[in-house]
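Q: My structure is below; once you've seen it, I'll send some questions.
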Amino acid sequence: MSRDAWAAIAATVAVVVVALLGFHVLGSPASQRLVQADLRTVHALAELAQQINSKWSTGSRPLPADLEKIPSEVKLDPVSGKPFIYHAKSKDEYELCATFATNNRDTRAPGAPDRWVHPKGDFCFQFQASESVPIPWGPYGY
Amino acid sequence: MSKPLQEFLDAAKRQGTSDESLVSLLRGRGWPADDVYRALADHYENHSGVSVPAYKRSGSAKDAFLYLLSFAMLATWTIGAGSVMFTLIDRWLKDPISPANNYYSSGYYQIADSLACIIVAFPLYLLTMRYILREVRLHPEKLESPIRKWLTYIALLIAAGVVVGDLITFLTYFLRGELTGRFMAKTSVVLVIAGGVFWYYLGSLQKSATASRSADE
């Protein structure tokens, strides 16, 4: 067999191995879509928390019992179209709940903190109205 | 073609002068080689009634297209493959002190992009190379084409630049305290890819050199 044929075979084997490793980590387009959807949900939830905190910091204390004063488009999970669930837990603590399609502990950016880690299914993020809301990682695709 | 030269040639050939001595004779009187050979060709065309077949120039523009395309595809898929490996190495060998420089884009983003590069560029590269190699087999004189040599050396120059740049970057991270394992892994990925490319292309330039040498002998 010629040198060119050997080179072509070696390169093909190497490329196939690298591509398989890559797909092993990336997963299928369908599972990536779920990861993206959860990311979008987390970003919308963070946006809502920021609005609640800014209302709190401009003097509307204690926290309201419901989110009537927040514009309705901010209160909706853009992926499912359902509103986020809000519970005021004390005069300056509250939680926001949503339903997630994946556990993002392993899909988050390397080195990203635990603040926005959520399991699969229903989950509530805890917030302190006096603290600033950290920006979630990886808004990609937009 | 100048009439007197043609008449002289006809007369000399009638005397039985050999082509070699005619050529050196005319060259000695300052006639350019092109004119002499053209006159000789005209002479034989007139006497045999068959015209000299036209020489088909090998398509230099086509060669340039093929080589540039193949090198562009080579760059795309090798960089894609390297990039997949770097992202995987970052994931496998977690370094808690490395800055979360991927904070705003998890490794997925990078991997998806690199995989797309490989999937599109690698088959195109194989197809282009297959076409080029078949052309070279059918027309071995193309091994000597300056286009091929120039583009190959320029591609090797770019590859060498990329390799040196990568190694400097990795060494910088290493000197700043990055994990030794990461440094070694990334360096070996670059060396394997670049080594393969250099081995293949330097080897094929070598092949053309030996082919022309054996043709000269």
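Q: Looking at the structure I just gave you, is A:Thr41 open to solvent by less than 30 Å² (accessible area, probe 1.4 Å), within 14 Å of chain B (Cβ to nearest Cβ) and touching a residue at least 24 places away in the same chain (Cβ under 8 Å)?
A: Spelling it out, it is not the case that A:Thr41 is open to solvent by less than 30 Å² (accessible area, probe 1.4 Å), within 14 Å of chain B (Cβ to nearest Cβ) and touching a residue at least 24 places away in the same chain (Cβ under 8 Å).
Q: Which one of these does B:His47 not meet: (1) out of contact with any Lys or Arg (no Cβ under 9 Å at 6 or more places or on another chain); (2) at pLDDT below 85; (3) surrounded by 10 or more Cβ atoms within 10 Å (Cβ to Cβ)?
A: (1)
Q: Follow-up. Could you say whether any residue in the stretch A:83-102 is within 14 Å of chain B (Cβ to nearest Cβ) and either modelled with pLDDT under 80 or in a loop (DSSP other than H, G, I, E, B) (or both)?
A: Among the residues of the stretch A:83-102, at least one is within 14 Å of chain B (Cβ to nearest Cβ) and either modelled with pLDDT under 80 or in a loop (DSSP other than H, G, I, E, B) (or both), which makes the answer yes.
Q: Quick one: B:Ile154 ticks every box in (1) surrounded by fewer than 14 Cβ atoms within 10 Å (Cβ to Cβ); (2) more than 15 Å from the chain's Cα centre (by Cα) except a single one, so which number is it?
A: Failed condition: (2).
Q: Against the condition open to solvent by 50 Å² or more (accessible area, probe 1.4 Å) and touching a helix residue (DSSP H, G or I) at 6+ places or on another chain (Cβ under 8 Å), how does B:Leu5 come out, does it pass?
A: no
Q: Does A:Lys69 meet the test of being basic (Lys, Arg) and in a helix (DSSP H, G or I)?
A: Considered against the rule, which asks whether it is basic (Lys, Arg) and in a helix (DSSP H, G or I), A:Lys69 comes out as no.
Q: Does the stretch B:91-110 include one or more residues that are within 23 Å of B:Leu191 (Cβ to Cβ), within 10 Å of chain A (Cβ to nearest Cβ), at pLDDT 85 or above and open to solvent by less than 50 Å² (accessible area, probe 1.4 Å)?
A: Looking for residues that are within 23 Å of B:Leu191 (Cβ to Cβ), within 10 Å of chain A (Cβ to nearest Cβ), at pLDDT 85 or above and open to solvent by less than 50 Å² (accessible area, probe 1.4 Å), one finds none in the stretch B:91-110, hence no.
Q: Being open to solvent by 60 Å² or more (accessible area, probe 1.4 Å), touching a helix residue (DSSP H, G or I) at 6+ places or on another chain (Cβ under 8 Å) and at pLDDT 80 or above is the filter; apply it to the stretch A:103-142 and report the residue that is nearest to the other protein chains (Cβ to nearest Cβ).
A: Among them, the one singled out is A:Ser132.
The values are calculated or read from the model by the stated rules, or taken from the named source; none is laboratory data. Remember, it's a predicted structure, so these values are computed and weren't measured experimentally. Please note: Cβ atoms are built from the backbone with ideal geometry, for glycine as well, and neighbour counts cover all protein chains shown. Just the protein is used for accessible areas: all its heavy atoms, side chains included, with ligands, DNA and RNA removed. Shrake-Rupley method; radii C 1.70, N 1.55, O 1.52, S 1.80 Å.
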